[in-house]
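Every read-out reported here was derived from the displayed coordinates using simple, explicitly stated rules and does not represent laboratory data. Not measured: the values here are computed from a predicted model. Here the Cβ positions follow ideal geometry from the backbone for every residue, glycine too, while neighbour counts run over all protein chains shown.
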Amino acid sequence: MKIILFTHPHFLSSQSMPRFARMLEEAYLLRGHEVKVWSPQPVAYQLVPSGRFSKWAGYVDQYILFPLWVRRQLKKQPSDTLYVFCDQALGPWVPLVKNKAHIVHVHDLLALRSALGDVPENPTSWSGRIYQRYIRRGFKQAKHFISISNKTRDDLHHFGQVSAINSHVVYNGFNYPYSPMAKADAMRVLSDANLPAHFDGMLLHLGGSQWYKNLAGVIRIYIEYVNAEKNPLPLWCISPNPNPRVQALLKQVPSNGKVLFFQGIDNHALQAAYSLARAFVFPSLAEGFGWPIIEAQACGCPVLTSDAAPMNEIGGVACAYIPVLKPKDDAELWAKNASNTLIALLSLHDAARNKRVARGLTHVQQFNAEHAIESYLNHYQQVMLTTSHS
């Protein structure tokens, strides 16, 4: 196939989407396909690389200059070319190829849901609301989609208001070979990375600073856990340094508890941390996919996460689940109940724990990168056949 990948400009702060595009490009080239990558160049942006007007200069590159360039390039492309959008956030460019063979990869609709007022925890500015509607107006004109979860596909149809010919779900595949690491090896890897190696293990959380990661909820659960335990495990938070709200909660952690924050941990050290942790605590309010859930499971670490999609979809039967914390809920009562579930998870006898770990290891086998790539290509072929007969 002749494939053109649309992706985010490299001059913006996005990392995951360009990385996803590179993964697709490399995989498709390896399989003998012809691949080009199209993304905006920093023409206006390099004139205003920083300051209050840099964002608007970037918009000029993305939504004025780049479409002009694309229109010229389209005249040179063979008719059997497939145009692949690596993210639905690239929606404003979809109308350029809506009458050609195309497909859109959909990762999550959290920003759109927030802009539409569906997420009271994350109010959106007036300009953000306009921008998300602009994006939706573009991707609504597409007819072929691949979503990373059933939850994302449901959001695409409900909030995105698409009228799709094809709308498939393909789970992400691991981009690192996570697997259980022996305790001695895990402690050595952490020590080599200048990280503390706790012989008795620790509780682990991983997440960014986004509202939906619910770091405050993690700390609340830990406070209740420490209150209930004579010798509590330390809590590792692999996340940015805490904001003032979380800092205030940290002052409430009893003296026999310990919360440590780490950044910049590579995949090998993260594998060691997952393997050494007694439990992974991930009470997200929402997710696009929920990578850390299956990373922890792949390393043999029991998971405590939210009983809502996509977390329970991605986590499967091996996780311990707690209700999602809602804005009107009593946060302390929620945390106390969640800590009870955590304590029950930590208290499992060896046979029950091993059974849960084994279920997790079996469950994560479906998140296979090679399978994902082959599924993408199969759906691409369907689009080409559908378009050629339309």
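Amide H contacts for residue 258 (H built 1.01 Å from N in the peptide plane; partners 5 or more residues away or on another chain; cut-off under 5 Å): 235.
Couplings 3J(HN,Hα) of the range 188-201, computed from phi: 5, 4, 5, 5, 5, 8, 6, 10, x, 10, 8, 4, 8, x Hz, in residue order, whole Hz [Karplus 6.51 cos²θ - 1.76 cosθ + 1.60, θ = phi - 60°; x for Gly and Pro]. Along the axis of the charge dipole computed for the chain (Cβ charges of +1 for Lys and Arg, -1 for Asp and Glu, origin at the Cα centre), the listed residues 263, 3, 30 are led at the positive end by 3. For residue 167, the residues whose modelled amide H falls within less than 5 Å of its own, excluding neighbours fewer than 5 places apart on the same chain, are 145. Of all aspartates and glutamates in the structure, those lying under 17 Å Cα to Cα from residue 258, and not within fewer than 8 positions of it along the same chain, are 200, 224, 229. May I ask you to derive the FRET efficiency for residue 63 and residue 179 from their Cβ-Cβ distance with R0 = 51 Å, giving the value to the nearest 0.05? So the FRET efficiency works out to roughly 0.70. For the range 183-366, the convex hull spanned by the alpha carbon atoms encloses 114 Å³ per residue.
Treating the beta-carbon of each Lys and Arg as +1 and of each Asp and Glu as -1, no other charges, what is the dipole magnitude of the range 3-113 about its Cα centre, to the nearest 20 debye? The partial results should precede the final answer.
Details: 13 positive and 7 negative charges, 60 e Å.
With Lys and Arg at +1 and Asp and Glu at -1, about 280 debye.
Counted residue by residue at 0.36 nm each, then reduced by the alpha carbon distance between them, the extension gain from residue 347 to residue 46 reaches 102.7 nm. Counting only DSSP H runs of at least 4 residues, each contributing -39500 (n - 2.57), and dividing by the residue count of the chain, the helix-based mean residue ellipticity at 222 nm comes to -12500 deg cm²/dmol. Among 65, 203, 82, which one moves the most in a GNM of the chain with springs linking Cα atoms closer than 10 Å? Largest GNM mean-square fluctuation: 65. Can you tell which of 337, 256, 312 shows the greatest fluctuation in a Gaussian network model of the chain with Cα springs below 10 Å? Maximum among the listed residues: 256.
A straight line joining the Cα centroids of the range 241-283 and the range 68-109 runs 41 Å. Pairs from the list 2/151; 100/143; 55/100 with a Cα-Cα gap above 19 Å: 2/151; 55/100.
With a simple spin-label model that places each label point 7 Å from the Cα along the Cα-to-Cβ direction, the separation between residue 333 and residue 158 comes to 2.5 nm.
Between the listed residues 375, 114, 300, the Cα displaced farthest toward the positive end of the dipole of the chain, a dipole computed from Cβ unit charges relative to the Cα centre, is found at 114. Taking θ as phi - 60° and the Karplus parameters 6.51, -1.76 and 1.60, the scalar couplings of the range 52-68 work out to 5, 9, 5, 4, 6, 5, x, 5, 4, 5, 6, 10, 10, 6, 5, x, 4 Hz in sequence order, x denoting glycine and proline. Springs between Cα atoms under 10 Å define the GNM used for the chain, and in it the highest mean-square fluctuation of 29, 270, 90 occurs at 29. Which residues among the range 160-180 fall inside the zone where the amide N is under 13 Å from a point 7 Å beyond the Cα of residue 381, along Cα→Cβ? Under cut-off, by backbone N: nothing. Charge dipole (Cα centre; +1 on Lys/Arg Cβ, -1 on Asp/Glu Cβ; no other charges) of the chain amounts to roughly 1080 debye. On the principal axes of its alpha carbon atoms, the chain extends 71, 43, 39 Å, with the longest extent given first. Extension gain for the segment residue 227 to residue 80, taken as residue separation times 0.36 nm less the Cα-Cα distance, is 46.5 nm to one decimal.
Helix 215-228 and the long axis of the chain differ in direction by around 10°, with both axes built from C-alpha atoms. Under a straight-distance cross-link criterion of Cα-Cα below 16 Å, which lysines are reachable from residue 183, leaving out those fewer than 8 residues away in the same chain? Within the straight-line limit of under 16 Å, residue 183 reaches no lysines at all.
The charge dipole of the range 149-271, taken about the Cα centre with unit charges on the Cβ atoms of Lys, Arg (+1) and Asp, Glu (-1), comes to about 280 debye, rounded to the nearest 20. Which of 232, 124, 242 sits closest to the plus end of the dipole of the chain, meaning its Cα is farthest towards the positive end, when Lys and Arg get +1 and Asp and Glu get -1 on the C-beta? Result: 124, furthest along the dipole toward the positive end. Each DSSP beta bridge with both residues in the chain is either parallel or antiparallel, and the antiparallel ones are about 0%. Note on residue 251: lysines with a C-alpha under 21 Å away, same-chain residues under 8 apart excluded, are 213, 230, 336.
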